[in-house]
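Encoded as structure tokens, the structure appears first; notes follow it.
Computed from the coordinates by the stated procedures, all read-outs in this text should not be read as laboratory data. Being a predicted model, the structure only gives us computed values, none of them experimental. Neighbour counts run over all protein chains shown; Cβ positions are idealised from the backbone, glycine included.
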Amino acid sequence: MNQTNQTAPRYQLGQSDTYLSPIGLGTWQFSQGQGLVGRFWPKLEPALMMSIVEEALNHGINWFDTAEVYGRGKSEEALAQALDDLRVAPDQVAIATKWWPVLRSARHLEATIDERRRRLHNRPITLYQIHQPYSHSSVKEQMEAMARLLDQGLIRHAGVSNFSAAQMVEAAKHLKSHGYALASNQVRYHLLDRRIEENGVIQAALDWGITIIAYSPLAQGVLTGKFHNGAARPGGMRRLDPHFRPMMLAKTEPLIEELRQMAQRYHVSPAQVALNWVITYPGNRVMAIPGATRVSQAAQNAGAMGWSLSPGDRQALTDIARDVTR
């Protein structure tokens with residue numbers, strides 16, 4: 001494979017000159033069962049991961065999100081190998097990865113960049129993110145380290161993840177003092193978890209021109225509807241998620257039913273409706289990174305692009321979701 005499908009829409013990443021498909025592919029599931037967080041997913045065969053990546057590319061997705069903590073680098077390696085095997089040129093796709101800050105200081109952010117590059121087979125790091133706001137170092141020190149990586153051309157853009165509104169703005173201010181704009185904040189956001197609309201994160205992002213990257217945009221699969229009709233049962237760590245409890249599944253049934261009805265009207269799936277709700281947040285400032293453990297899921301995720309819910313339908317989903325989460 002030599003080129004990606006360019007028919008999908010593109011959103012501007014922050015204030016940068018980089019444009020990405022509003023749906024990216026999250027690759028936590030490429031962790032190969034390694035590490036503490038990697039055990040959430042079963043080990044996938046290399047051929048399957050390559051097919052998932054290929055399907056995403058063929059349907060217009062042009063970027064992939066991974067992280068150091070996903071399988072202790074195994075996800076990064078698997079993604080890079082899949083792109084190599086598909087003969088995708090480095091400049092044809094964007095890769096976002098994340099530095100794990102827990103029990104570390106800002107100097108480790110720079111000290112581990114060569115490891116990130118090696119795991120990614122020296123493919124460019126389009127977006128480098130601080131995974132959590134839990135470093136031993138201050139936000140100022142972390143942004144100074146990011147600025148040095150930017151100065152050296154080792155990364156193209158800097159972002160954060162799970163930062164509060166105040167932490168995000170502080171990061172943006174410090175990075176701006178070095179001549180760079182904070183590109184993104186990766187946070188949990190979906191119809192059943194809209195805290196960023198209430199805690200100031202999304203408004204601050206709009207004010208500062210920062211892109212929101214929504215992870216778990218399908219609530220770990222709850223919003224597909226397959227767990228409401230008994231066709232599937234939650235396994236693994238999903239069983240610990242309160243959204244999968246019988247009482248919550250019953251409570252959210254009205255939302256799932258509305259997703260199903262809209263899916264029929266738009267000739268898409270309920271999951272695609274739920275994803276479209278995320279990426280049609282006004283201003284094209286919200287992207288989403290659903291994962292995929294099957295080739296069909298990669299195609300379905302991409303199918304959330306290229307069309308839009310009407311403002312009325314989007315508002316109807318917003319209102320129903322608010323009612324069922326009270």
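Within the same chain, lysines fewer than 8 places from Lys226 are excluded, and of the rest, those with a Cα less than 21 Å from its Cα are Lys251. Near Ser216, once Lys and Arg are set to +1 and Asp and Glu to -1 for all other residues with Cβ below 9 Å from its Cβ, the sum equals 0. In this label model, Thr112 and Ala47 are separated by 3.4 nm, measuring between points 7 Å along each Cα→Cβ vector.
Three semi-axes describe the equivalent ellipsoid of region 32-188; taken as square roots of 5 times the Cα gyration tensor eigenvalues and ordered largest first, they are 27, 17, 14 Å. For region 279-326, a/c is not less than 1.5, where a ≥ b ≥ c are the root eigenvalues of the C-alpha gyration tensor, and a/b tops b/c. That puts it in the prolate class. Note: relative contact order over the chain, using C-alpha pairs below 8 Å and six or more positions apart, is 19 percent.
Extension gain, Arg87 to Ala299: 0.36 nm times the residue separation minus the Cα-Cα distance gives 74.3 nm. According to the square roots a ≥ b ≥ c of the eigenvalues of the Cα gyration tensor, what is the shape class of region 184-326, taking rounded for a/c under 1.5, prolate for a/b larger than b/c otherwise, and oblate for the remainder? Taking the square roots of the gyration eigenvalues as a ≥ b ≥ c, region 184-326 is rounded. Looking at Leu103, Gly71, Ser51, which one has the Cα that reaches farthest to the positive end of the dipole of region 7-123 (charges on Cβ: Lys, Arg +1; Asp, Glu -1)? Result: Leu103, furthest along the dipole toward the positive end. Measuring nothing but how far apart in sequence close Cα pairs (under 8 Å, 6+ apart) lie, relative to its length, region 1-139 scores a relative contact order of 24 percent.
Here the Kirkwood formula, the inverse mean of 1/r across different C-alpha pairs, assigns region 119-234 a hydrodynamic radius of 15.5 Å.
The trypsin sites (Lys or Arg not before Pro) found in region 166-224 include none that occupy coil by DSSP while having at most 10 further C-beta atoms within 10 Å. Which is the longest stretch in the chain that no exposed loop site breaks, taking sites as chymotrypsin sites (Phe, Trp or Tyr not before Pro) with a DSSP loop state and at most 16 other Cβ atoms within 10 Å? Looking at the chain, 135-306 is the longest stretch - no exposed chymotrypsin sites (Phe, Trp or Tyr not before Pro) with at most 16 other Cβ atoms within 10 Å.
Placing R0 at 51 angstrom, the Cβ-Cβ distance between Leu154 and Glu257 gives a FRET efficiency of 0.55 after rounding to 0.05.
Scoring 245-257, 76-88, 143-155 by mean Cβ neighbours within 10 Å over their residues and listing the highest first yields 76-88, 143-155, 245-257.
Apply the a/c threshold of 1.5 to the C-alpha gyration tensor of region 239-320 and tell me whether it is rounded, prolate or oblate. Note, shape of region 239-320 comes out oblate. Between the entries (1) 355; (2) 146; (3) 123, the label attached to volume of the Cα convex hull per residue in Å³ calculated for this structure is (3). Once C-alpha pairs closer than 8 Å and six or more residues apart are averaged by separation and normalised to the residue number of region 171-326, the relative contact order reads 25 percent.
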